[in-house]
Structure formats: structure tokens, C-alpha cells
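The structure under discussion appears below in the form of C-alpha cells.
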Ligand code: AMP
């Protein structure tokens, strides 16, 4: 079986796949790691449990997850030997990692070098890797980076118009994030359209609490809305997205805000929450807008408008558009926001069939009429599955178990 591990800021998600990746035999999340009252939610064999646990850090959280997977009553496996390979998510691979890699001591050292680029996230990912190596010695491990899908962007898309030495000496550039999601979704979209990925120009709208708009041409990310960090692009749940950087100097000099205050304001108090004054959750913002709250209406108008501008810009950058793809929490679940974003984009070949849009039920769906020149689609993202797929492919040469696993995935995929 293949285990995936995703260490987030205060949570650890895990998922155990059958070796052909056709099913999930156990999964869960340890939440509130390092905070008061951490707990685990675990599912396996038709059982669902929620328990308070001790998880002062991500290493302890992974031990708790493994205990649940091995538990005699609600576990998924009897022995760790059932696990053939482990796949980890890492947030930042800098410009070192252009694709997923097998974990070695060298890879860990290089990942440590990337830590200054993601000081809050990469150390947690490293904790997960170290602990998994300790708990599962000899089992091959793979690391999959949120940034690597964007490493093929042309320089014109990733170099900032600062003095060039900042890029050359300090690696200050656009990196982009949500790459694992965008890679999975663009591949699935091509499958659903039954067209070769290499032929397609797509804009992926990953609309969750964080938002990425990604231009994908020929299966490669050619431009992306997030930048050096996870802040730029369109407005998000609590992040402002793009604004004039001159404002940072103004807030500092004129309103006497410290850099720390400005950072906290832009990351945690802005976006849908900051404009609406109600919530960072689109469901609540829409509810209040319908009830007449004009700041909630403005927040939605801004959210939609910023995304439209990216879609138009990326269609221009790619010289056309074959598919517009919605994914993540808002993209998958809000027909209203999808319809608002697509409204007025007929000049790009984007049209929405209202019945098809309203009928989306958690599966992949084409929501444009057949006559539209660009396909508009909903594709549920599955970062864990992408991590598991890379894990199987990269460990195929590592031993009998993993080689057989790769053969089974290929057989299951036909
Ligand atoms: P994610 O980061 O992909 O888990 O997405 C989380 C966000 O999706 C939440 O904060 C909500 O704003 C949004 N969301 C989930 N369900 C819906 C829905 N039915 N309508 C609008 N937004 C939704």
C-alpha cells in the first residue's frame, strides 16, 4: 500500500491507498497540532473515530496517525510491512526541485536549503519526512513539491522587474504554488475532454481558501498568479492578493504600522474577510450578500472581477483558450461563483449551460454547451492522489513491492 503524508501548518493529513491506487483503505487528519486539545479524525473499514490525542508537534502527530492505521479495532493494516512506499507533500522546492524526487540524505539537505523560502511550512514537511523514515526504515519515500509544476515557466513570467541581481543572487522570483493540484486537474481535464494534454491551452481556477489561477499550455504551467510567496494574485479568504506595493511604505510611514502588523493584516485580515467584514468563507459571504449586505456584495464583485482579469490575461498570454477549469472548495461547490466568473467572457468562447452548472455533484463535469469554442469544466482536485501517483512511479525501481505496485497502477489505468 502507498501512504501519503501532508503536513500543514497545524494539521497532518494521511491517506493509505491500495497499491493500484484504486481505493483508499484508511485516512484521517490530526488537527490543532501544537495547540490546545489536538485531536484525530480517522476513517477505515467503515468506521469513523474522533479522539483527543497528544500531538505537540508533527512528529508526534505522525506517530498518532500510524497508531490509528495499526489499531486492532479501527485500523487499516496489521503490520507496517503492508506499506510499500510513502509520499510526502512539501510546499517549497525552490528552483532546485523541478519534479518530485525519491528522498535521500542529499534531497533532505537541499530541502533544508529551501527552508528560508517557506520558513513556516518546509520545516513541518521535513519533520514528517524524518519521522516517517524513522518509523518505516528501508521503505522508499518520495517528496512532491507545490512549486515544481511551475518550474517550467518562461523567464518572462517568473523574473520580477527588480534589479536582476535580486533574482541572480537571492533567488527572488515568482515560484507559484498549488502546483500539485493544478497538475492533477489539468491532466484529468484532458482525460475528460478526451484530448491530448499537449494540445490544450487551459486556465485552471483553483479557488479555495487560497486561490491560484494557472495558465497551462501543452501540459506545462506557463504563468501563475501566486508569486514569491502565497500572497499575490487574486483576493482570497483572508489574503488581499495583488495591490500596489507602495501601500506597504505608506502604511509603515504614515500609519506607523510595523512590517509585522502589515504582514498580519495582508495575510490574515484581508480578502473576503477584510472587505465583507463577515467571513472568509464564501458560503457565508454569498448568504449575507443575498440578504442585502452591500460589503458582502462588493467582496464577491471584487473576487469575481480579479479572476476574470487573470483569465483574460492568461488567454492573451497563451494566444487562445481551449478549456477553463474550476477546482477546490469554491470552484467545485459554488455554481453561483462559477457563473459570475464566466459571465461576459463569451468573447473568449466561454459559455455556461446553467442546468449543467447547477447539476455538478462532486464528479468531473463539462458545464459549457457543446457549441462553445472553449470547454468550461469542474474537476475535483485530489492532491493526495497526485502524490500517490508520483510515489508509485518514482519507487517503481526500488524493490519488488514497489515495482509490482507500478505495474498494477498501469494495469488499472488501462
Ligand atoms: P479549500 O481551501 O479548497 O478547502 O476551500 C475552502 C473554501 O471553499 C471555504 O473557505 C469556502 O469559502 C469554500 N466553499 C466550500 N463549499 C462552498 C460552497 N458550497 N459555496 C461556496 N463556497 C464554498
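Per-residue packing, averaged as other Cβ atoms within 10 Å, sorts the ranges 189-201, 220-232 into the order 220-232, 189-201, beginning with the highest. Here the Gaussian network model covers the chain, with springs between Cα atoms less than 10 Å apart; of 68, 270, 258, 258 fluctuates the most. In this simple spin-label model, placing a label point 7 Å from the Cα along the Cα-to-Cβ direction at both residue 133 and residue 37 gives a separation of 3.7 nm. What fraction of the DSSP beta bridges in segment 42-148 is antiparallel, stated in percent and rounded to the nearest 5? Counting only bridges with both partners in segment 42-148, antiparallel ones make up about 50 percent.
A protection proxy built from the mean count of other Cβ atoms within 10 Å ranks the segments 163-173, 12-22, most packed first, as 12-22, 163-173. Please work out whether segment 287-365 counts as rounded, prolate or oblate from its C-alpha gyration tensor, where a ≥ b ≥ c are the square roots of the eigenvalues and a/c under 1.5 means rounded, while otherwise a/b larger than b/c means prolate and anything else oblate? Here segment 287-365 falls in the oblate category. With respect to the chain, whose longest principal axis is taken over its alpha-carbon atoms, helix 58-69 is tilted by about 60°. If you run the Gaussian network model on the chain, springs between alpha carbon atoms under 10 Å, then out of 324, 259, 124 the most flexible one is 259. Centre-to-centre separation between the Cα atoms of segment 326-355 and those of segment 1-62: 33 Å. Rounding to the nearest 10 and keeping the result within 0 to 90°, find how far the Cα-based axis of helix 294-318 lies from the longest principal axis of the chain. The two axes meet at around 80 degrees. Where a ≥ b ≥ c are the square roots of the eigenvalues of the C-alpha gyration tensor, would you call segment 136-269 rounded, which needs a/c under 1.5, or, failing that, prolate if a/b is larger than b/c, or oblate? Note, shape of segment 136-269 comes out prolate.
Distance from the Cα centroid of segment 264-315 to that of segment 121-173 is 30 Å (rounded to whole angstrom).
Of all the options 359, 375, 217, the one that moves most in a Gaussian network model of the chain with Cα springs shorter than 10 angstrom is 359. The long axis of helix 179-193 is offset from the longest Cα principal axis of the chain by roughly 80 degrees.
Computing FRET efficiency as 1/(1 + (r/R0)^6) for residue 49 and residue 198, where r is the C-beta to C-beta distance and R0 is 41 Å, gives about 0.35.
The alpha carbon gyration tensor of segment 1-108 gives principal lengths a ≥ b ≥ c with a/c of 1.5 or higher and a/b no greater than b/c, which makes the shape oblate. At full extension, residue 109 and residue 168 could sit 19.1 nm farther apart than now, given 0.36 nm per residue minus the alpha carbon distance.
Computed from the coordinates by the stated procedures, all read-outs in this text should not be read as laboratory data. Nothing here was measured: the structure is a model prediction, and the numbers come from that model. Glycine gets a Cβ as well: all are built from the backbone with ideal geometry, and neighbour counts include every protein chain shown.
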